[in-house]
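Just below is one structure, and these are the notes that go with it.
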Amino acid sequence: MAILEVEHINKKFDRTEVLKDISFSLEQGQVLSIIGSSGSGKTTLLRCLNFLETPDVGIIRVNGETLFDAGNEMTKQENEIRKKRLHFGLVFQSFNLFPQYTALRNCTLARELMAKERPDFKENKKKIMDEITAEGEALLESVGLKEKMNYYPHQLSGGQQQRVALVRSLITKPKVLLLDEPLSNLDAKLRVKMRQEIKQIQREFDITMVFVTHDQEEAMVLGDSIAIMDQGNLIQIGKPEEVYTHPANDFARNFLGVSNCFRDDAGNEIHCRPEDLFFAVEGNIHGEIIREEFLGFYRQYYIRVTDGSQVLLRAERDIVRQKGEKVILGMK
């Protein structure tokens with residue numbers, strides 16, 4: 001049974017359609033990476049899932065329970081929405097930590113506010129608060145912040161602040177964790193480290209996650225599935241390898257990774273990835289090398305082929321060709 005079901009979500013701002021008939025589902029513990037250019041609708045979709053925006057059309061279910069149905073006024077009432085928002089955790093681009101609170105208090109504050117609504121809170125306040133504090137400490141320890149839990153945000157690095165933001169979302173035990181480009185404010189090296197940590201946390205807690213990013217590599221590393229969006233449309237959804245090797249259309253092919261499009265010497269139209277090309281002894285793709293880039297573990301060659309197109313070839317680093325050299329290309 002799917003833990004999250006999204007059916008036919010549509011959303012307009014004035015006359016602009018920002019989401020057009022979006023549907024997908026996720027099983028427990030799955031991660032969906034959503035990628036798309038700015039304005040594609042990916043952040044609006046996330047905000048609709050957390051009821052920060054109200055869809056004009058569509059249904060949202062969690063664990064089989066209908067949380068929102070555009071045709072049902074009861075599901076659109078504000079007091080109902082506040083309760084249903086608890087099914088989702090949300091991690092923003094900016095960490096949004098309270099500067100006046102320690103890392104531990106930032107993590108436990110939401111649970112404390114929820115606890116105050118319990119009918120037994122007054123008579124059991126100390127016990128409940130102690131339990132919340134212990135849980136916050138345990139979660140911070142699990143992400144390597146045991147020694148930093150009494151530090152304030154300005155005393156933490158960017159990566160440490162991001163881990164605090166993750167724990168703050170996890171402590172409420174959401175059914176689905178929503179992340180809106182959470183690594184965009186980190187430098188390249190720290191992004192790689194943090195995405196590994198997010199994946200580890202996700203597996204350890206068996207979290208169902210929707211991860212919005214504009215970074216294609218990030219999407220493929222973290223996602224069990226990838227959804228490509230463009231101008232409010234869900235262009236393609238599937239496993240990373242499936243979407244990469246069998247794109248639904250030219251937009252998907254060109255957006256996820258790099259794609260070559262050219263005609264060979266016989267006039268046949270060719271679509272291929274840079275790693276699908278190689279230097280050959282004979283064949284019907286002739287060209288001239290116009291630029292070479294050494295990128296550590298591989299080299300990139302930009303080649304002008306017969307039809308005038310520029311194609312990209314990726315080769316092992318010990319395969320060396322010179323600018324201006326005439327070459328023949330083959331395809332794997």
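Summary table
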| quantity | calculated |
| --- | --- |
| Options GLY29, GLY41; residue that is in contact (Cβ under 8 Å) with a residue 24 or more places away in the chain, at positive phi, under 19 Å from the mean Cα position of the chain (by Cα) and buried (at least 23 other Cβ atoms within 10 Å of the Cβ) | GLY41 |
| Looking only at the range 106-160, and only at residues there that are of a type in the set (Lys, Arg) and without any contact (Cβ under 8 Å) to a residue 24 or more places away in the chain, the one that is surrounded by the most Cβ atoms within 10 Å (Cβ to Cβ) | LYS125 |
| Complete set of residues in the range 222-265 that are out of contact with any Pro (no Cβ under 9 Å at 6 or more places or on another chain), part of a helix (DSSP H, G or I) and either among the acidic types (Asp, Glu) or open to solvent by 30 Å² or more (accessible area, probe 1.4 Å) (or both) | GLU241, GLU242, TYR244, THR245, ASP250, PHE251 |
| Test for GLU316: is it open to solvent by 70 Å² or more (accessible area, probe 1.4 Å) and free of Cβ contacts under 8 Å to residues at least 24 places away in the same chain | yes |
| VAL18 in contact with a Pro (Cβ under 8 Å, 6 or more places away or on another chain), of a type outside the set (S, T, N, Q) and touching a residue at least 12 places away in the same chain (Cβ under 8 Å) | no |
| Residues of the range 281-308 that turn out to be open to solvent by 30 Å² or more (accessible area, probe 1.4 Å) and closer than 23 Å to ASN268 by Cβ, as a count | 12 |
| Flag for PHE92 being modelled with pLDDT of 85 or more, of a type outside the set (Lys, Arg), farther than 23 Å from HIS8 by Cβ and open to solvent by 50 Å² or more (accessible area, probe 1.4 Å) | no |
| Residue within the range 240-249 that is free of Cβ contacts under 8 Å to residues at least 24 places away in the same chain, of a type in the set (Val, Ile, Thr) and in contact with a strand residue (DSSP E or B) (Cβ under 9 Å, 6 or more places away or on another chain) present | yes |
| Matching residues, the range 45-59, being without any contact (Cβ under 8 Å) to a residue 60 or more places away in the chain, surrounded by 21 or more Cβ atoms within 10 Å (Cβ to Cβ) and more than 14 Å from HIS8 (Cα to Cα) | PHE51 |
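The values are calculated or read from the model by the stated rules, or taken from the named source; none is laboratory data. Fair warning: this is a prediction, and the values are worked out from it, not measured in the lab. Reconstructed Cβ throughout: ideal geometry from the backbone, glycine too, with neighbour counts over all protein chains shown. All accessible areas refer to the heavy atoms of the entire protein, side chains included, with ligands and DNA or RNA removed. Shrake-Rupley method; radii C 1.70, N 1.55, O 1.52, S 1.80 Å.
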